[in-house]
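Below: the structure, in C-alpha cells.
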Amino acid sequence: MKCFVTGASGFIGANLVHELVAAGHRVKALLRPGADLRGLGGIEFERVEGDLADCARLKEALHGCEWCFHVAASYHLWLRDYAPMYAANVEGTRNVIEAAADAGCTRIVYTSTVGCIGLPAPCDGRISPSDEATPVAEAQICNHYKRSKWQAEQVATELARRGLPVVIVNPSTPVGPRDVKPTPTGQIIVDFLNRRMPAYLDTGLNWVHVRDVAIGHILAARDGCIGERYILGHADGNWTIKQAFAVLEEVSGVAAPRVRIPYMVALAAAHLNEALSGITGRPPRAPLAGVRMARHKMYFNPAKAIRELGLPQTPPQQALADAVKWFRANGYVK
C-alpha cells in the first residue's frame, strides 16, 4: 500500500513509519519545515513539506495514496494561547480526513486518545478498566488538550457517519524508543533516569509498547470497522506509577522514589508553577492539567483491539526497558 502519514516526526508517527516500511508499504510523510527527523533515521520514505491548515497542499500530497494515517496533533498541557491547538487538532483533523477521502483513500485511521473515553469506575473497592463503550462525562474533559481531542474525535465520528472510511484508534500510554521530544510520559522516564524524581504522585496508567501501538494502526487500516474505535493498550498494563517506578528501578538500576506527594500539595504547587509561567512564558514543570489528570487512575481494557485486530501484547516491562535503553543511547541521561 502507498500510505500517507501526518505527524511522522512524532513519537507514535515515527514508530508507525518504521513499522509500515518494515511491512513493505511505501510511505509519504507530511512534515513541517525544520521538523526533527531523528526518529526517522535509517528508513526510506517520501518527504512532503506542508501544514494541516493547507487544504490544497493536503489534497495534492494525498494523490495516489491508499491508506491515510492522521497521527499529527498539538499535545501540550500548558500554553499561553490555546487557539493554535484547537486549529491543529480540530480543523486539522477535518482537513486531513476530507482531503484523504477526496483522494480516494480506502482507509483513514485517525489517532485519538484514551482521554476521549470515560474514566474507570470503582467497583467493590476495585477499579474496573474502561472500554470503548464507557461514556465520558463533560467534567472529565478537564483541560484544553483533552477538549480539543474530544472535539476532533467528534469530527472524525461524524465524517464516518457520512460514509467516509474512518477508523479511530485510542492509544493509552505508549513508551519505548524514538521518543525524541520527549512526550510528557517519556519526560517522566528521563527525569527518573537523571534522578530528578524525588517523589511521586499516586496515579495509574495503562502502559503499552509504542511498537504495539504503531502496529495497531496498521491492523486498524487493514481490519478495523469503519466508524469504530479501538483502544490500543495492554491487557496487563494497568499499573500505578509506583509499580512502573519499581520496574524502572529493576531495568535501569536507578533507585525509585519512596516519597508519595499528597494530591493537594501537588495541586498547590501546580497553581504556583502556572502563576510563574504566566510571568516568564516558560512551561511549568508541573502543569495543572497534568496534576488534575493524575488524580484518577486511567485504566483501560484493550480487549476489543486484541480480539478484532490481533493487537500485539509486548510486556510493559519490555516497553520500559526499551525506553530506558533508547534514552541512554541517545544522550538524554546526564
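The values are calculated or read from the model by the stated rules, or taken from the named source; none is laboratory data. All values reported here derive from a predicted model rather than from experimental measurement. All Cβ positions, glycine included, derive from the backbone under ideal geometry; neighbour counts span all protein chains shown.
Annotations for the structure displayed:
- Residue pairs whose Cβ atoms lie under 7 Å apart, separated by 6 or more positions or on different chains, with the first residue in the range 222-242 and under 16 Å from ARG307 (Cβ atoms) and in a loop (DSSP other than H, G, I, E, B) and the second at pLDDT 95 or above and hydroxyl-bearing (Ser, Thr, Tyr), are GLY224/TYR230; GLY233/SER172.
- Any chance TRP78 is within 30 Å of ASN273 (Cα to Cα), crowded, with 19+ Cβ neighbours inside 10 Å and without any contact (Cβ under 8 Å) to a residue 60 or more places away in the chain: no
Yes or no, residue by residue, for (1) modelled with pLDDT of 95 or more; (2) touching a Gly at 6+ places or on another chain (Cβ under 7 Å); (3) not hydroxyl-bearing (Ser, Thr, Tyr):
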{"position": "THR113", "(1), (2), (3)": "yes, no, no"}
{"position": "ASP124", "(1), (2), (3)": "no, no, yes"}
{"position": "PRO135", "(1), (2), (3)": "no, yes, yes"}
{"position": "GLU138", "(1), (2), (3)": "no, no, yes"}
{"position": "ILE141", "(1), (2), (3)": "no, no, yes"}
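- Residue count, the range 296-317 (criterion: outside any loop (DSSP other than H, G, I, E, B) and surrounded by fewer than 17 Cβ atoms within 10 Å (Cβ to Cβ)): 4
- Residue check, VAL71 under 30 Å from ASN143 (Cα atoms) and of a type in the set (A, V, I, L, M, F, W, C): yes
- From GLY227, GLY281, GLY253, GLY290, residue being of a type outside the set (A, V, I, L, M), at pLDDT 95 or above and within 28 Å of TRP150 (Cβ to Cβ): GLY227
- Residue within the range 170-179 that is under 13 Å from the mean Cα position of the chain (by Cα), in a helix (DSSP H, G or I) and buried (at least 21 other Cβ atoms within 10 Å of the Cβ) present: no
- Any chance ARG126 is within 20 Å of the chain's Cα centre (by Cα) and either farther than 14 Å from ASN170 by Cα or surrounded by fewer than 16 Cβ atoms within 10 Å (Cβ to Cβ) (or both): no
- Residues of the range 243-262 satisfying the condition of being over 20 Å from ASN206 (Cα atoms) and assigned to a helix (DSSP H, G or I): SER252
- The residue list LEU52, LEU16, LEU20 contains one member that is assigned to a loop (DSSP other than H, G, I, E, B) and either crowded, with 17+ Cβ neighbours inside 10 Å or not aliphatic (A, V, I, L, M) (or both), which is LEU52.
One line per residue, one yes/no per condition, for (1) over 25 Å from LEU37 (Cβ atoms); (2) at pLDDT 95 or above; (3) not charged (D, E, K, R):
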| residue | (1), (2), (3) |
| --- | --- |
| ALA294 | yes, no, yes |
| MET298 | yes, no, yes |
| ALA303 | yes, yes, yes |
| ARG307 | yes, yes, no |
| PRO312 | yes, yes, yes |
| ALA319 | no, yes, yes |
| VAL324 | no, yes, yes |
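- Residue match in the range 200-214 (condition: more than 14 Å from the chain's Cα centre (by Cα), aliphatic (A, V, I, L, M) and modelled with pLDDT of 95 or more): no
- Complete set of residues in the range 80-98 that are out of contact with any Phe, Trp or Tyr (no Cβ under 9 Å at 6 or more places or on another chain) and outside any loop (DSSP other than H, G, I, E, B): ALA83, PRO84, TYR86, ALA87, ALA88, VAL90, GLU91, GLY92, ARG94, ASN95, GLU98
- Checklist (1) in a loop (DSSP other than H, G, I, E, B); (2) surrounded by fewer than 20 Cβ atoms within 10 Å (Cβ to Cβ) applied to GLN154, failing item: (1)
- In the range 104-119, residue nearest to ILE218 (Cα to Cα) [restricted to those that are touching a residue at least 60 places away in the same chain (Cβ under 8 Å) and either out of contact with any Phe, Trp or Tyr (no Cβ under 9 Å at 6 or more places or on another chain) or outside any helix (DSSP H, G or I) (or both)]: VAL109
- Extreme residue, nearest to MET85 (Cα to Cα), among residues of the range 1-46 that are of a type in the set (Lys, Arg) and touching a strand residue (DSSP E or B) at 6+ places or on another chain (Cβ under 6 Å): LYS28
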